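What follows is a short report on a single structure.
Where a number appears in this text, it was derived from the coordinates with a stated rule and is not lab data. Computed from a predicted model, the values in this text were never measured in an experiment. Every residue, glycine among them, receives a Cβ derived from its backbone with ideal geometry; neighbour counts consider all protein chains shown.
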Amino acid sequence: MTTSRPACLDWLQMLTGICLVVFMYLHALFLASIILGPGAFNSLADFFEKYYLAQKGGPAIALVFLVHFFLAARKIPLSSREQKKFLSAAKMFRHRDTWLWMVQVVSAVVVLLLGAIHMWVVLTDLPITAEKSAARIQTGYWLVFYMLLLPMVELHVGIGWYRLGIKWGFIKSAARHRAKRAEYYLTTFFILLGLIILVRFLLLSS
Amino acid sequence: MSRKLKYSIFRYNPVDPDSKPGMQEFFLQETENLNLFVALNILREVQDPSIQFDFCCRAGICGACGMVINGRPGLACRTKTADLPDQVSLLPLPGFRLVGDLSVDTGSWFRAMNEKIRSWVHTDKEFDPQEQEVCMDNRVAEKIYELDRCIECGCCIAACATAQMRVDFLGAVAMNRIARFMIDPRDKRGHKDYFEVVGTDQGIFGCMGLLGCQDVCPKNIPLQDQLAYVRRKMGWQALRRLMPGQA
Ligand code: HEM
Ligand code: SF4
Ligand code: SF4
Ligand code: FES
């Protein structure tokens with residue numbers, strides 16, 4: 001008899017994926033409070049800590065992040081024979097959605113590494129304050145770090161929800177091109193927003 | 001002025017020990033309404049009688065002439081040279097056994113796939129030739145017909161990076177077949193039975209949604225929507241199986 005395992009893992013992959021997409025977009029919007037000023041940012045951070053959202057929610061997201069990574073990694077070709085096959089297929093067939101999958105794999109690896117470092121650094125140095133964040137970014141190293149992480153996360157998350165919609169049929173074929181356009185706009189928007197946030201942190205005087 | 005087209009054609013004869021895989025170039029003046037089916041036949045008739053390729057219906061019905069045309073799997077008989085640039089590269093469909101040059105054996109692959117997913121109407125009803133035929137709802141009949149238009153050309157398999165990477169992946173064509181039986185009232189199989197054949201990583205859960213299949217299918221079969229349909233049905237079936245008291 002066929003086991004339910006592949007099906008259940010696919011469900012989990014979808015659910016953890018949705019959680020992370022929603023989290024990432026909210027995360028960007030919360031960070032955007034810095035545009036209003038450190039006061040707004042700090043009171044939002046206080047609010048999250050008062051209700052233990054950072055202390056409890058942080059590790060919860062970290063767990064979801066880890067589970068999602070292990071599930072998705074099943075799909076990444078590990079043997080060089082499979083990698084070669086995929087590459088030669090993608091090269092022969094210049095096809096946007098096939099290339100987007102490669103972008104997703106590469107961005108996943110970057111996000112796994114940098115995302116884990118980022119979460120560790122932020123969550124082991126609670127409370128979150130605008131001053132601490134700004135000091136980090138003003139070192140310059142963290143600026144480079146975020147400049148890399150930001151586009152990778154946004155690409156990964158953007159392609160991620162598009163692909164989920166396709167696979168489960170929230171996005172029907174008639175809506176595919178509109179959905180893809182929305183995905184490009186949204187990804188661009190969040191990358192720009194992230195850059196503005198970084199610049200704002202950079203210019204924050206302590 | 002008509003163009004002179006350059007054709008780069010993959011040449012390799014696996015049964016000839018002296019044959020080495022490589023591309024061979026041919027030149028041919030373009031004529032009006034020329035398609036690749038005619039072009040290849042002219043090349044074979046007047047330039048090189050040894051070129052191997054498959055054709056039968058020359059009308060997009062038999063599915064024999066699938067090949068990779070400038071990087072895209074498609075039917076040669078349905079490809080007008082007017083839609084192609086001055087240089088045309090032709091490769092055999094990847095993922096199938098090579099017979100020689102552009103000719104591949106899609107038949108064995110499709111036979112194995114159809115056997116694996118048990119691609120026929122399962123019924124206990126005894127056929128009675130005297131009885132009046134049971135009428136099928138027209139809407140259902142049309143839905144089934146829409147999916148039944150697949151000509152087994154193999155383009156969706158050649159265009160699927162997942163299928164190329166994992167040889168045991170059944171591909172969009174198999175999911176489309178299953179979707180067709182799922183909506184067929186004559187088939188007594190339930191989702192439980194379909195789950196047995198496609199509720200796997202070789203089946204629907206192996207599909208990564210790259211949509212190469214959807215974008216090349218020469219019959220414009222709505223593969224994307226069928227894949228999602230099968231995934232949802234099989235996803236629910238898996239949850240149902242986890243409930244206590246369910247098989
Ligand atoms: C619950 C855990 C998390 C918390 C509390 C958190 C908090 C923060 C904070 C306070 C910043 C501002 C910069 C800094 O202080 O160094 C930031 C930036 C950033 N975070 Fe997170 N983060 C979390 C998880 C993640 C995860 C899982 C990812 C990636 C998947 C991520 C990606 C980013 C990126 C790309 C930036 C730079 C954003 C920008 O410039 O707009 N974060 N995060
Ligand atoms: S689904 Fe389309 S591309 Fe695939 S074998 Fe059938 S007709 Fe060809
Ligand atoms: S959607 Fe992609 S992975 Fe799924 S069958 Fe089609 S080409 Fe293959
Ligand atoms: S020759 Fe039959 S489909 Fe092209």
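Below, the figures for the structure above:
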{"quantity": "Calculated FRET efficiency for the pair residue A:185/residue B:23, C-beta based, R₀ 45 Å, to 0.05", "calculated": "0.65"}
{"quantity": "Debye log10 I(q)/I(0) for the stretch B:4-104, one point scatterer per Cα, at q = 0.13 Å⁻¹", "calculated": "-0.41"}
{"quantity": "The stretch B:117-242: Rg to Rh, with Rh as the Kirkwood radius over Cα pairs", "calculated": "1.00"}
{"quantity": "Unit Cα scatterers, Debye sum, the protein assembly as shown: log10 I(q)/I(0) for q = 0.10 Å⁻¹", "calculated": "-0.85"}
{"quantity": "Separation of the residue A:121 and residue A:135 label points, Cα + 7 Å toward Cβ, nm", "calculated": "1.4"}
{"quantity": "Efficiency of FRET from Cβ geometry, residue B:57 and residue B:183, R₀ 41 Å, rounded to 0.05", "calculated": "0.90"}
{"quantity": "Cα convex hull of chain B - mean projected area over all directions, nm²", "calculated": "17.5"}
{"quantity": "Qualifying trypsin sites (Lys or Arg not before Pro) for the stretch A:1-100 [loop in DSSP, other Cβ within 10 Å: at most 14]", "calculated": "A:74, A:94"}
{"quantity": "Gained length - residue B:128 relative to residue B:243, 0.36 nm times residue gap less alpha-carbon distance", "calculated": "37.4 nm"}
{"quantity": "Label-to-label distance, nm, for residues given as residue A:99 and residue B:45 (7 Å Cα→Cβ offset)", "calculated": "4.0"}
{"quantity": "Folded to 0 to 90 degrees: helix A:96-110 orientation relative to chain A principal axis, Cα", "calculated": "50"}
{"quantity": "Spatially near lysine pairs across the stretch A:5-203, Cα under 26 Å, sequence gap of 8 or more or different chains", "calculated": "14"}
{"quantity": "Residue A:74 versus residue A:202: modelled label distance in nm, points set 7 Å from Cα along the beta carbon direction", "calculated": "4.2"}
{"quantity": "Debye-sum result for the stretch A:125-206 in log10 I(q)/I(0), which assumes one identical scatterer on each alpha carbon, at q = 0.27 Å⁻¹", "calculated": "-1.21"}
{"quantity": "Eligible lysines near residue B:125 by straight Cα distance, threshold 21 Å, same-chain separation 8 or greater", "calculated": "B:188, B:192"}
{"quantity": "Nearest 10 degrees, 0 to 90: helix B:223-242 Cα axis against chain B principal axis", "calculated": "30"}
{"quantity": "Chain A: angle of helix A:5-31 to the longest principal axis, Cα-based, in degrees nearest 10", "calculated": "30"}
{"quantity": "Where Rh is the Kirkwood radius over Cα pairs, Rg/Rh for the stretch A:5-203", "calculated": "0.99"}
